[in-house]
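Data first, discussion second: the structure below is written as structure tokens.
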Amino acid sequence: MLCIIARQLGLKESVVPVDHPVISPENANSLREIDQAGRGWITTARWSPVSQALAVAASTGVALYEVHDGLKLRAVLEGHSGPVKGVAVNHDGTKIASSSADTTIRLWDLKQGGQYRVLVGHTDSVDGLAFSPNGDYLASVSADRTVRVWDARTAGVVRVLEGHQDEVQAVTFCDDGRLIASGGRDATIRFWCLDTGAQERLVRHDDWVRELIASPLDDRLLASVSRDMTLRLWDVTQGVQRMMLRTHFNGVDSVSFSPDGRLLATGGRDNTVKIWDSATGQALQSLEGHQKPVLTVAFSPDGRWLASGSGDNSVRLWGIST
């Protein structure tokens with residue numbers, strides 16, 4: 001059953017209703033909540049790049065939703081012995097990685113169905129995950145202060161990157177997959193060369209770095225958010241800050257670019273989701289409804305939906321109805 005459901009979720013492109021237009025700077029003020037669901041404390045939500053499937057990491061496991069006019073639960077991936085902290089979907093939507101407080105990473109094959117690898121090596125809770133653009137590598141970060149790079153095909157460890165002085169929670173690939181960016185409680189963002197493992201540069205926030213994401217239009221532009229209440233944009237090739245926005249009271253926990261790169265969404269400890277014009281920094285919308293900090297936000301690959309997840313045990317779907 002999981003095999004059939006997963007094949008549909010991972011590989012089949014869904015038909016999107018025409019009455020939900022692409023979210024843009026011009027219509028972002030019309031965003032509203034379309035649906036909500038929930039299975040435990042929501043930590044991460046990630047879309048399949050090739051379909052309307054949404055993978056949601058929670059304290060209870062990984063839930064797979066199909067999205068049309070709402071959130072339809074299709075499967076739950078169970079196997080971790082602790083809360084699931086992170087989830088990532090590879091470039092063609094065939095594989096999911098999940099990380100947990102149980103110190104392991106599990107790889108799930110959506111084409112064949114079920115779990116096919118358990119990655120062991122971290123010595124403390126594993127948080128952020130990211131597949132490389134070509135899907136060959138998986139990067140993971142942990143409370144053990146390390147960044148690990150895995151071969152996504154063999155599950156072997158390629159590199160262990162050390163340098164952070166505290167728990168590491170955020171990771172992404174940038175600069176055509178050449179660099180890995182990591183951030184954590186030591187308030188730093190470190191850029192590592194995938195080929196050599198060398199740390200190429202370091203930039204700083206004033207507090208805990210919570211999430212990182214590269215622009216879909218130019219992955220030399222990196223967005224970061226922090227408990228210092230700011231959203232910052234960086235040129236990763238030079239380590240230069242391009243923009244800084246004061247965002248949420250008490251800190252920012254999550255960030256996402258829209259697929260056309262024109263919008264940024266942030267989730268904060270003030271329980272709101274905010275939408276920003278990425279070119280001007282203008283605040284376009286503030287979405288209310290969550291009852292606890294918003295730990296994850298994610299635009300769908302077609303730009304019609306925004307998902308948000310919170311410690312209030314809900315994942316919410318936002319869109320525009322005409």
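Values as computed for the structure displayed
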| read-out | value |
| --- | --- |
| Of all residues making up segment 179-196, the number that are touching a residue at least 12 places away in the same chain (Cβ under 8 Å) and more than 23 Å from HIS91 (Cα to Cα) | 7 |
| Filter result for ASP277 (out of contact with any helix residue (DSSP H, G or I) (no Cβ under 6 Å at 6 or more places or on another chain) and more than 24 Å from TRP208 (Cβ to Cβ)) | yes |
| Filter pass, ASP253 being outside any loop (DSSP other than H, G, I, E, B), among the acidic types (Asp, Glu) and within 22 Å of ILE42 (Cβ to Cβ) | yes |
| Test: residue in segment 83-99 that is under 20 Å from SER310 (Cβ atoms), among the β-branched types (Val, Ile, Thr), under 20 Å from the mean Cα position of the chain (by Cα) and at pLDDT 95 or above | yes |
| Residues of segment 236-270 satisfying the condition of being acidic (Asp, Glu) and within 16 Å of PRO216 (Cβ to Cβ) | ASP260 |
| Residue that is within 16 Å of the chain's Cα centre (by Cα) and buried (at least 20 other Cβ atoms within 10 Å of the Cβ), where the choices are THR296, THR247, THR272 | THR296 |
| Any hit, segment 245-258, residues being modelled with pLDDT under 95 and polar (S, T, N, Q) | yes |
| Qualifying residue in segment 124-137 (condition: within 17 Å of the chain's Cα centre (by Cα), hydroxyl-bearing (Ser, Thr, Tyr) and closer than 27 Å to ASP219 by Cα) | yes |
| Evaluation of SER224 against (1) more than 25 Å from GLY38 (Cβ to Cβ); (2) assigned to a loop (DSSP other than H, G, I, E, B); (3) touching a Lys or Arg at 6+ places or on another chain (Cβ under 6 Å) (one fails), failing number | (2) |
| Which numbered condition VAL236 misses (of (1) in contact (Cβ under 8 Å) with a residue 60 or more places away in the chain; (2) of a type in the set (A, V, I, L, M); (3) surrounded by fewer than 19 Cβ atoms within 10 Å (Cβ to Cβ)) | (3) |
| Filter result (closer than 20 Å to SER125 by Cα and either surrounded by fewer than 24 Cβ atoms within 10 Å (Cβ to Cβ) or not aliphatic (A, V, I, L, M) (or both)) within segment 59-87 | SER59, THR60, GLY61, LEU77, GLU78, GLY79, HIS80, SER81, GLY82, PRO83, LYS85, GLY86 |
| Tally, over segment 302-322, of residues that are assigned to a strand (DSSP E or B) and modelled with pLDDT under 95 | 0 |
| Filtered residues of segment 24-43 (kept if hydroxyl-bearing (Ser, Thr, Tyr) and buried (at least 19 other Cβ atoms within 10 Å of the Cβ)) | THR43 |
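The values are calculated or read from the model by the stated rules, or taken from the named source; none is laboratory data. Given the structure is predicted, the values throughout are model-derived calculations rather than measurements. Cβ coordinates were reconstructed from backbone atoms using ideal geometry, including for glycine residues, and neighbour counts include every protein chain displayed.
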